[in-house]
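**Student:** Following this message is one structure expressed as structure tokens.
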Amino acid sequence: MKFELTEDQVAFGEAITDLMRASDSVAVARAWASGDTAPGVALWKRLADLGLTALVVPEDEGGLGGTLVDLVVAFEVLGRELAVGPWIESAALAPQLEGEMVTAAAAPLAPYAADAQVARLLSGVAGASHPSIDTTRSLTEVTGADAFDVAALDRAVLACAAQLVGAGERVLADSVTYVKQRKQFGREIGSYQAIKHQLADVRIALDFARPLVLGAALGEIPVSAAKVYASDAAYLAARTGLQVHGAIGYTAEFDLSLWLNRIRALVTAWGTPAYHRGRVLETLTGVAG
Amino acid sequence: MNLDLTPEELAFQAEVRAWLEANVPAEPLPSMDTAEGWALHQEWEAKLAAERLSVVSWPREVGGREASLVEWVIFEEEYYRAGAPGRVSQNGIFLLAPIIFDHGTPEQQARFLPSMATGEKIWAQAWSEPEAGSDLASLRSTAVRDDARGGWVLNGQKTWSSRATFAHWGFGLFRSDPTSEKHAGLTYYLFPLDAEGITVRPIAQLDGEAGFAEIFFDDVFVPDADVLGAVGAGWNVAMSTAGNERGLSLRSPGRFCAAADRLLELWKDRGADAPQVRDAVVDAWIGAQAYRLFTWGTVTRLADGGEMGAAGSVNKVFWSELDIAIHEAGLDLLGADAELLDTPWMDGYVFSLSGPIYAGTNEIQRNIVAERILGLPREPKGPAGKETAK
């Protein structure tokens, strides 16, 4: 019984964090959103050099032989630091030994292929592309896509859940920083209970989301349960974060918006909460929810 | 990272499970807040104690079996899974005992702990006063020195004392220095509830049962031997174990997991008639799992020498709201039958409603999370109109 990350796992997460911060991942994301994918591709290569896309490929197949817990560690950081590109597809759904940027559609969970303008579509024929509320994502229609097995889909759902936890953590951290400096009525707004109780609830929700995601990585609970709760927790972080920032949080210029829109996109990506609630119930009772 | 149990832990789990299967009463006991139910719950405690299962984590010489924290959580999981009776001795073994272990004299430990372990003596807390609830440090009940008799004389009133109607002993804080304010000048006293000068008046709870009571103190003498910790240090003594791992701040997940499993069974029976309740059922189950996994994380940290600290407040808000949500979902599934009195779901629901209030209201807990974990500025405190912003 040791339900905590190992020192190696913590160090691995820190290495990804350091690399992304040194590369100014937020500026990279903004460039990506405006159509300049070159900095994003460069950062992708550096992260792929750490082994990210081959993380869960067994060692005898040339991968890193990492566990799903390692995958969760990596994706929480990718969410927190706003990674761009089809990481869920290239590192979780269909892990790539050579670090290639690939994408895929996997209906009904993910009927659109993400970032097909820069990534190789694994199967099917690409159709029209549409912008996402998350300006760093594009969504491409696909016909004739091959199906994935349940294990691959579950890895993608797990990675999405971990990314949501990371994004929620970032929004909370930025919100706490903001309410400590913003003053109204002569005091930091973070000293008012109306603000602090909302942020406390976000802290609590995220504190319970992480063990669920890790528990799903260990096979203790269905990944759908982790996705439901991580979505709820991250969404609470986003709603609360926007509210405590006030009007400045509602602007595209302020970086917070990047995470708010990312969270909104990931809540329904890789299976809506309603879909996953039904799946949890079916797993537990054998009765279709 | 793993959630595996050792062979010893698995053996302990099997032993506890087998014993509970053979011994848990087939029918639920009557409410412990009735005279009949009280006696039966005390008998059950004695039965547990005979197997050293009433206080598994305590030292052997006071009735325990020196179980590890992991084993304690295992015990609790098995206990609630088996549907075993509520613990009438809970306030003593979870709230008071850790303080006696840390601050009691050897004589006090020998005198109080064994009879607490067997359920022979049941303890009631006496914290709140009519004017001191969340602001507990504003309490007014007094303790005056009596050198001639070698002790203290208590006066005042305590309220919301769970189990005090039938309990044998009480514990609480009194102001022993009349010139002191707030947290200073308080002392921790232990007193038999049949002492001369004590009047216990039961209070009917939301469901009509006398689960808590007021306690009036009229020149009640307490000998020095029944002072817990140093005179004047009562606040620190009481709070030193407020985050205690075996206290309410680490409430075991067993109760919620068992309730969530019963909810799933109810869903199988009734879900077809109430499909709208689906999300609440799923969320209740996920919440219970979140609590279980979170607790294993906490246990790992504590076993490594970490401290509970303010994380206990995160815990308390979560389990108390989860408990209500589980029971609300159950009541929703029962439909029109939900309002029937004396069903397990209604009893559990009414009990759950007290969770966000006792052991520090959830508002106080959220303040602690915001100020001590998130580092937000303290809110100004002080009398209205005399705000003292820091």
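**Student:** Within the range A:242-261, is even one residue touching an Asp or Glu at 6+ places or on another chain (Cβ under 9 Å), within 7 Å of chain B (Cβ to nearest Cβ) and not hydroxyl-bearing (S, T, Y)?
**Tutor:** no
**Student:** Say we look at the range B:201-217 and pick out the residues that are surrounded by 19 or more Cβ atoms within 10 Å (Cβ to Cβ) and part of a strand (DSSP E or B); which of these is nearest to the chain's Cα centre (by Cα)?
**Tutor:** Once the filter is applied, the top-ranked residue is B:F212.
**Student:** What number of residues within the range B:1-10 satisfy the criterion of being touching a residue at least 40 places away in the same chain (Cβ under 8 Å) and either small (G, A, S) or surrounded by fewer than 16 Cβ atoms within 10 Å (Cβ to Cβ) (or both)?
**Tutor:** Within the range B:1-10, residues that are touching a residue at least 40 places away in the same chain (Cβ under 8 Å) and either small (G, A, S) or surrounded by fewer than 16 Cβ atoms within 10 Å (Cβ to Cβ) (or both) number 1.
**Student:** I would also like to ask the following. Could you check A:L218 against (1) aliphatic (A, V, I, L, M); (2) more than 9 Å from chain B (Cβ to nearest Cβ); (3) surrounded by fewer than 24 Cβ atoms within 10 Å (Cβ to Cβ) and say which number it fails?
**Tutor:** Answer for A:L218: the failing condition is (2).
**Student:** Another one. Might you check whether a residue that is under 20 Å from B:P98 (Cα atoms) and either assigned by TED's automatic domain parsing to the domain that holds B:S31 or not in a loop (DSSP other than H, G, I, E, B) (or both) occurs anywhere in the range B:153-167?
**Tutor:** Checked against the condition, which is being under 20 Å from B:P98 (Cα atoms) and either assigned by TED's automatic domain parsing to the domain that holds B:S31 or not in a loop (DSSP other than H, G, I, E, B) (or both), the range B:153-167 yields at least one hit.
**Student:** Then there is this: Among the numbered conditions (1) at pLDDT below 95; (2) under 26 Å from B:R262 (Cα atoms), tell me where B:N2 comes up short.
**Tutor:** (2)
**Student:** Checking A:V267 against (1) of a type in the set (A, V, I, L, M, F, W, C); (2) surrounded by fewer than 24 Cβ atoms within 10 Å (Cβ to Cβ); (3) more than 14 Å from every other protein chain (Cβ to nearest Cβ); (4) more than 22 Å from A:L93 (Cα to Cα), which test does it fail?
**Tutor:** Of the numbered conditions (1) of a type in the set (A, V, I, L, M, F, W, C); (2) surrounded by fewer than 24 Cβ atoms within 10 Å (Cβ to Cβ); (3) more than 14 Å from every other protein chain (Cβ to nearest Cβ); (4) more than 22 Å from A:L93 (Cα to Cα), the odd one out for A:V267 is (4).
**Student:** Out of curiosity, is A:L212 out of contact with any Asp or Glu (no Cβ under 7 Å at 6 or more places or on another chain) and either of a type in the set (A, V, I, L, M, F, W, C) or free of Cβ contacts under 8 Å to residues at least 12 places away in the same chain (or both)?
**Tutor:** Spelling it out, A:L212 is indeed out of contact with any Asp or Glu (no Cβ under 7 Å at 6 or more places or on another chain) and either of a type in the set (A, V, I, L, M, F, W, C) or free of Cβ contacts under 8 Å to residues at least 12 places away in the same chain (or both).
**Student:** Follow-up question, since we're still on this one. Can you tell me which condition A:A145 does not meet? The list is (1) facing chain B (nearest Cβ under 9 Å); (2) surrounded by fewer than 21 Cβ atoms within 10 Å (Cβ to Cβ); (3) not in a helix (DSSP H, G or I), and all the others hold.
**Tutor:** (1)
**Student:** Scan the range A:1-46 for residues that are closer than 28 Å to A:A252 by Cβ and in contact with a Lys or Arg (Cβ under 8 Å, 6 or more places away or on another chain) and jot them down.
**Tutor:** If the condition is that a residue be closer than 28 Å to A:A252 by Cβ and in contact with a Lys or Arg (Cβ under 8 Å, 6 or more places away or on another chain), then A:T17, A:L19, A:S23 are the ones that fit.
**Student:** Residues in the range A:115-151 that are in contact (Cβ under 8 Å) with a residue 60 or more places away in the chain and either basic (K, R) or in contact with a helix residue (DSSP H, G or I) (Cβ under 9 Å, 6 or more places away or on another chain) (or both): how many?
**Tutor:** Summing the residues that are in contact (Cβ under 8 Å) with a residue 60 or more places away in the chain and either basic (K, R) or in contact with a helix residue (DSSP H, G or I) (Cβ under 9 Å, 6 or more places away or on another chain) (or both) in the range A:115-151 gives 7.
**Student:** Examine the range A:55-64 for a residue that is assigned to a loop (DSSP other than H, G, I, E, B), surrounded by 19 or more Cβ atoms within 10 Å (Cβ to Cβ) and in contact with a strand residue (DSSP E or B) (Cβ under 9 Å, 6 or more places away or on another chain), and state whether such a residue exists.
**Tutor:** Looking for residues that are assigned to a loop (DSSP other than H, G, I, E, B), surrounded by 19 or more Cβ atoms within 10 Å (Cβ to Cβ) and in contact with a strand residue (DSSP E or B) (Cβ under 9 Å, 6 or more places away or on another chain), one finds none in the range A:55-64, hence no.
**Student:** Name the one entry in B:A274, B:A284 that is under 19 Å from A:G278 (Cβ atoms), buried (at least 21 other Cβ atoms within 10 Å of the Cβ), more than 7 Å from every other protein chain (Cβ to nearest Cβ) and in contact (Cβ under 8 Å) with a residue 40 or more places away in the chain.
**Tutor:** B:A284
**Student:** Residue check: is B:V231 away from chain A (no Cβ under 14 Å), within 24 Å of the chain's Cα centre (by Cα) and either part of a helix (DSSP H, G or I) or farther than 30 Å from B:A35 by Cα (or both)?
**Tutor:** Judged against the criteria, B:V231 is not a match.
**Student:** In addition: Pull out all pairs, ordered by first then second residue, where Cβ-Cβ is under 6 Å, the residues are six or more apart or on different chains, the first lies in the range B:11-34 and is free of Cβ contacts under 8 Å to residues at least 24 places away in the same chain, and the second is of a type in the set (D, E).
**Tutor:** As it stands, the answer is B:P30/B:E36, since those pairs meet every condition given.
The values are calculated or read from the model by the stated rules, or taken from the named source; none is laboratory data. Just so it is clear, the model here is predicted, and its values are computed rather than measured. Backbone-built Cβ (ideal geometry, glycine too); neighbour counts: all protein chains shown.
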